[in-house]
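Student: One structure, pasted below without further comment.
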Amino acid sequence: MANSLFSEMQSNNIMSQFDQFKSNPMQFLTQRKINIPQQYAQDPHGAVQYLLNNGQMSQQALNGMMQMANKMGIKL
């Protein structure tokens, strides 16, 4: 689930994981058993809302990932 994604991203190899995510976001998520309908493949905001709406990601996990991204200098 997405909460495990947040836990995984807190590990030491975060930059490697981020590079994998940037190169193929849908594959990265699918490998982690996070299912997003194809209609959201090009709609990041829609994909996040989908994950929140169906319980695959909590608001707390999203906030943590956003905070981590900000610390890395990634503008969201």
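Student: Quickly run through the range 22-31 and pick out the residues that are closer than 22 Å to residue 63 by Cβ and surrounded by 13 or more Cβ atoms within 10 Å (Cβ to Cβ).
Tutor: The answer is 25, 28, 29.
Student: Tell me which residues, restricted to the range 47-63, are surrounded by 14 or more Cβ atoms within 10 Å (Cβ to Cβ) and either within 18 Å of residue 75 (Cα to Cα) or of a type in the set (Phe, Trp, Tyr) (or both).
Tutor: Scanning the range 47-63 gives 47, 48, 50, 61, 62.
Student: Looking only at the range 43-76, how many residues end up being assigned to a helix (DSSP H, G or I), under 17 Å from residue 14 (Cα atoms) and touching a residue at least 12 places away in the same chain (Cβ under 8 Å)?
Tutor: 5
Student: Given the conditions (1) polar (S, T, N, Q); (2) loosely packed, with under 11 Cβ neighbours inside 10 Å; (3) under 21 Å from residue 75 (Cα atoms); (4) at pLDDT 90 or above, report the number of the one that residue 39 does not fulfil.
Tutor: (3)
Student: Scan the range 48-61 residue by residue and report those that are over 22 Å from residue 16 (Cβ atoms) and of a type in the set (A, V, I, L, M, F, W, C).
Tutor: Those that are over 22 Å from residue 16 (Cβ atoms) and of a type in the set (A, V, I, L, M, F, W, C): 48, 51, 52.
The values are calculated or read from the model by the stated rules, or taken from the named source; none is laboratory data. Note that the structure is a prediction, hence the values are computed from the model and not measured. A quick note on method: Cβ atoms are made from the backbone with ideal geometry, for glycine too, and the neighbour counts reach across all protein chains shown.
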